[in-house]
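Notes follow the structure.
FYI, it's all coordinate maths here, none of it is from the lab. Bear in mind the structure is a predicted one, so any value in this text is a computation, not a measurement. Neighbour counts run over all protein chains shown; Cβ positions are idealised from the backbone, glycine included.
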Amino acid sequence: GSEMCIRDSYDSLNAEIDPAERPLPQYLQGGLVFMDVRTGEVRAMVGGRDFGASKFNRAVQARRQPGSVFKPFLYAAALKSGWTPASVLMDTPVEVETGSDELWRPVNFSGTFEGPMSLRYALANSVNVPAVRVILELGVTPVIDQAADLGLERDLIPRVPSIALGAGEATLIDMVSAYSAFANHGIRARPMLYTRIENSRGEVLEEVPAYQEEALDEDTNALLVDMMQTALREGTGRAARSWGFNRAGAGKTGTTDMYGDAWFVGFTPDMVGGVWVGFDEVRTMGHRKTGAVMALPIWAQTMAYAVADTPESFFRLPESIVERLVCASSGQLPSPSCPDLTTEIFAIDRVPQRTCEVHQ
């Protein structure tokens, strides 16, 4: 009942606005949703630049291609099925059969290939080709299942390998709700726009209870969040500091082909928020107008403001997660001849057992 009620509350938002209310404005648009990670209470929602010019709510109604903000769902599925943050992925050219005569040859944003890299590095720096290699090994079903468990609409995710790079569509509010699970130990909060309705006499006509559901097991979630903290600290989200966000946080940038959509979705242990920027009719925003350039500054300034009056909180690892020293290029236990060692975290039942086979 409560879930229907919540769905209805933002379906009714949709119903009031006739999609035929074109023409939409031609200038650059954006959407923003921030919510409490435990209750799902929406703290801020911006549906566009000017309600007078367009009543279309881009935070709730716009279905857009998510690009790399989808990658955490891929890596969650990979971690669940036995990969670790230290697993080595190959960033080398790959060709994918598409069922037509054309082969798909995915490329990285950099235009180059870096060779072997860890799962952590690939996510933090949003390297595309290793993500494609993961889905080719894993298959699309576990990835779609994981995204659906986190509340994305299954019908909007096509059964093709390119979902690894965010093919398909999602709404900003659903993406923010999915990321609320990462912030809250794998437990997802449904977005809640109001808690109750009263009449003029103060009688309660309707109450909406908070609704939560487990979407990801705690160990997988802890590893993923740790990797997403690296993305914000050292990876594609690292500019957040220069825009005033200095707290413990985690998140992911997203950029679609030809710079048509720019995303950033991120969280602290208490607050999750997402920003999307683009044109209503999909077209390029211009060269190198990425999620880090277009969406991250808005997110960082908003999040800094949102948490300014609250004490800082930190992501805590469960006791079932342990730290080990491993070889940086194999992800296995170090041998005396390994040149570069790194510390990585593992679920206790997934700690590497083999000594490095690269540096024998």
Exercise. Taking H as built 1.01 Å from N, whose amide H comes closer than 5 Å to the amide H of Leu89, not counting residues under 5 places away?
Worked result: Met117, Ser118, Leu119
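So between Arg241 and Val282, what do we pick up on full extension, going 0.36 nm a residue minus the alpha carbon distance?
Numbers: separation 41, 0.36 × 41 = 14.76 nm, distance 2.99 nm.
That works out to 11.8 nm of additional length.
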Exercise. Which FRET efficiency value, to the nearest 0.05, do you get for Asp309 and Ala210 by plugging their Cβ-Cβ distance into 1/(1 + (r/R0)^6) with R0 = 25 Å?
Worked result: 0.65
Seminar exercise, completed: With Cα coordinates, the longest principal axis of the chain makes an angle with the long axis of helix 172-183, in degrees rounded to 10, of 50
Exercise. On full extension of the chain, what length is gained from Glu102 through Leu333, given 0.36 nm per residue of separation minus the C-alpha to C-alpha distance?
Worked result: 79.0 nm
Exercise. Along segment 216-228, what does the Karplus equation 6.51 cos²θ - 1.76 cosθ + 1.60 (θ = phi - 60°) give for ³J(HN,Hα), rounded to whole Hz, x for Gly and Pro?
Worked result: 7, 5, 5, 5, 4, 4, 4, 5, 5, 4, 4, 5, 6
Exercise. Residue by residue, what Karplus-based ³J(HN,Hα) values in Hz, rounded to whole numbers, does segment 201-206 have, using 6.51, -1.76 and 1.60 with θ = phi - 60° and x for Gly and Pro?
Worked result: 8, x, 7, 7, 8, 7
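When the convex hull of the Cα atoms of the chain is projected onto a plane and the area is averaged over all directions, what value comes out in nm²? Walk me through the intermediate numbers first.
Numbers: hull surface 82.7 nm².
In nm², the orientation-averaged hull projection of the chain is 20.7.
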Problem set entry | Cα-based helix-to-principal-axis angle, 296-307 vs the chain, degrees rounded to 10 | 70
For this session: Give me the number: length gained by fully extending Phe109 to Glu323, i.e. 0.36 nm times residue separation minus the C-alpha to C-alpha distance, one decimal in nm.
Result: 73.9 nm
Exercise. So how tilted is helix 71-80 from the main axis of the chain? Cα-based, degrees 0 to 90, rounded to 10.
Worked result: 50
Problem set entry | segment 312-322 - phi-based ³J(HN,Hα) in whole Hz, Karplus 6.51/-1.76/1.60, Gly and Pro as x | 5, 10, 10, 7, 9, 7, x, 5, 7, 9, 10
Problem set entry | More than 27 angstrom apart: percent of Cα pairs within segment 178-319 | 32
Seminar exercise, completed: Between Met271 and residues 5 or more places away or on another chain, the pairs with built amide H atoms under 5 Å apart involve Val37
For this session: Using only the Cα atoms, work out Rg/Rh for segment 154-210, with Rh taken as the Kirkwood radius, to two decimals.
Result: 1.21
For this session: Report, please, the projected area of segment 253-353 averaged over directions, based on the convex hull of its C-alpha atoms, in nm².
Result: 10.2
For this session: For Arg247, enumerate residues with amide H under 5 Å from its amide H, sequence gap 5+ or separate chain, H modeled in the peptide plane.
Result: none
